Structures are given as C-alpha cells and as structure tokens.
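Data block below; observations after.
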Amino acid sequence: MGRHSRADRLNIRNENFYLLTETSTQIIFQEIKKLQPRLVIVDSIQTLQSPYIESSAGSVSQIRECASEFQRFAKETNTAVFLIGHITKDGSIAGPKILEHMVDTVLQFEGDRHYAYRILRTLKNRFGSNAELGIYEMTEQGMRAVNNPSELLITQKEEQLSGTAIAATIAIVAACGSSSSSTSTSPSGSCTPSSSPTTFVIMNNTVCPTSITVPRGTQVTFSNQDSVIHEIDSDPHPEHTDCVELNQVDFLNPGQSRQSGNLNIARTCGFHDHRQPDLASMKGRIVIQ
C-alpha cells in the first residue's frame with residue numbers, strides 16, 4: 001500500500017490517498033480493514049477475482065461475486081464505493097447485465113478524444129433523478145467542472161452576430177408498412193409502427209408493433225422516438241436470460257436507435273422496459289422461425 005506518486009503530474013498532495021495494486025478481493029479487504037477509508041475506488045471490477053469462485057477474472061460469476069462483496073461492504077460499513085467498469089465499442093457497460101442492477105447509480109463519461117470536453121451522464125440513479133448531467137473540461141491540471149455550460153455551448157461563433165436564438169426541436173419520422181419476410185402486430189395505443197418489418201418503435205411509453213416474426217439470423221432494431229429514456233431487456237425480469245441477444249439494445253436515449261444481436265435460434269423472445277417492467281404497453285415479443 002503506497003501513496004499515488006503519479007499525482008505529482010497534477011501537482012496533487014493528499015496524505016490520505018492510497019493506492020493498492022492488487023486483484024484479489026480477499027487481500028483488498030484486509031488492507032481496507034487496516035485503513036478504514038471513507039471512499040473506495042475499484043479500477044476495474046472486471047479485473048478482480050474472488051477466492052470463493054473458481055472461474056477466471058472477468059467471467060460472469062466472478063464479476064457478480066466481486067460486485068456483491070463490495071456491495072455488502074458498502075452497506076455494512078456505510079462506506080462509499082465506486083466500481084469502474086470497462087465499456088464496449090458502442091458505449092455500453094461490458095460484462096453481465098446484473099452488474100448494473102446491483103449498484104445504486106450508474107455514471108458514464110462521454111466525449112470525443114479530439115475535444116477537451118466530457119459529459120458525465122447519469123444512466124441510473126436509485127435515489128434521485130437521472131435527467132441531470134455534468135460538463136467537464138480536460139486540462140493539464142486534470143478535469144475541471146464547467147460551471148456555466150451556456151458560456152461553452154452558446155457563445156462559440158466564428159463571427160460577430162447581433163444576437164443568439166435558442167430552440168429545442170424533436171423530429172419524428174415513422175410510417176406504416178409491411179413485408180413478406182415478416183409479420184407484425186401493433187398495439188391500440190398512440191404509437192405508429194416503422195415501415196421496416198424488423199424495427200420496433202417506442203412512442204408515448206408504448207412499443208409498436210407488439211410482436212414480429214422474423215427468420216433466423218435477423219437483427220431487430222429498437223427506435224426510441226419518445227421523450228424519455230427506455231431500457232430494453234430480455235425477459236424475465238430482472239435476470240434477462242431468455243434471449244441475451246436483446247440485452248445489447250440496453251439504454252435508449254430519446255431519438256436513439258440500437259440493434260439486437262443476431263437471433264440465430266428458432267424460439268419466441270419476450271422483452272420489456274427494465275425501468276418499468278410491469279408496464280404492459282412496453283412489453284413485446286419476437287418469434288424467430
């Protein structure tokens with residue numbers, strides 16, 4: 001256990017900051033017991049290994065067990081714990097879906113490597129709203145909070161203007177249609193199906209169509225044309241194990257569309273909105289032939 005020497009680059013001096021290079025949860029908790037810290041940061045949860053599970057680090061069972069151990073520690077000692085996780089190329093959290101369900105809050109940094117600004121977005125918040133976000137600037141001294149985002153987002157212009165106008169718009173494009181390669185059933189709610197036979201549309205807390213039939217090997221698309229975030233997962237709730245290919249859809253921000261994995265096995269796959277699993281209008285099924 002030693003202090004973080006790399007903090008010298010940021011000119012940070014803190015006698016209460018400690019770094020431990022270790023992947024065994026048993027050794028980590030031994031050191032935590034000695035220090036009794038107020039905050040624990042794990043980077044990353046996918047690299048840890050519990051002695052109670054025989055599988056290798058990064059497996060589904062290891063990630064579940066390691067996260068469970070830190071969850072119990074946090075609740076028993078009232079210590080804040082941050083679990084840093086890897087993400088996939090499309091920005092979703094890598095590993096089993098159960099990891100997101102176990103924690104109280106899911107935060108995600110977003111940004112382009114070619115720009116200095118980053119957005120901290122709340123994907124899940126068990127104790128408050130997830131509609132807020134933070135904007136940060138990457139500087140030589142580390143991350144700096146942008147206290148006035150309007151100064152950054154509104155005042156950037158290449159020439160002098162007499163004034164600035166701000167407007168919020170939502171564009172929704174949808175049409176009814178059919179195809180000989182698949183069939184669909186639409187709900188009676190206020191939702192207009194897509195012209196694509198393999199696309200589900202989400203509008204007004206309603207998914208349409210409620211059922212489609214597709215050949216094996218098909219990828220289905222979910223298009224969120226609602227004004228709120230939806231989270232599409234496979235049945236049953238909360239395990240999401242029937243058709244794991246659907247779990248690739250994951251979080252859908254307003255205006256966002258995402259595809260499932262290839263549905264290669266002939267079966268019937270049910271799905272729901274994880275954020276409101278009992279809402280009938282957000283439930284549907286895919287019949288794979």
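Quick notes on this one:
- All conditions in (1) among the aliphatic types (A, V, I, L, M); (2) more than 18 Å from D104 (Cα to Cα); (3) exposed (fewer than 12 other Cβ atoms within 10 Å of the Cβ) hold for I28, with the sole exception of (3).
- Residues that are in contact with a helix residue (DSSP H, G or I) (Cβ under 8 Å, 6 or more places away or on another chain) and more than 17 Å from E100 (Cβ to Cβ) were ranked within the range 227-263; the one that is surrounded by the most Cβ atoms within 10 Å (Cβ to Cβ) is S260.
- Residue among A171, A131, A165 that alone is closer than 30 Å to N262 by Cα, in a loop (DSSP other than H, G, I, E, B) and either modelled with pLDDT of 70 or more or outside the structural domain of V249 (by TED's automatic domain parsing) (or both): A171
- Inside the range 28-49, residues that are under 22 Å from H86 (Cβ atoms), part of a helix (DSSP H, G or I) and modelled with pLDDT under 95 make up a count of 3.
- Tally of residues being in contact with an Asp or Glu (Cβ under 6 Å, 6 or more places away or on another chain), free of Cβ contacts under 8 Å to residues at least 60 places away in the same chain and closer than 24 Å to A266 by Cβ across the range 202-242: 3
- Test: residue in the range 214-224 that is surrounded by 14 or more Cβ atoms within 10 Å (Cβ to Cβ), at pLDDT 90 or above and charged (D, E, K, R): no
The values are calculated or read from the model by the stated rules, or taken from the named source; none is laboratory data. Computed from a prediction, not measured in an experiment: that's the story for all the values here. We place every Cβ from the backbone using ideal geometry, glycine too, and count neighbours over all the protein chains shown.
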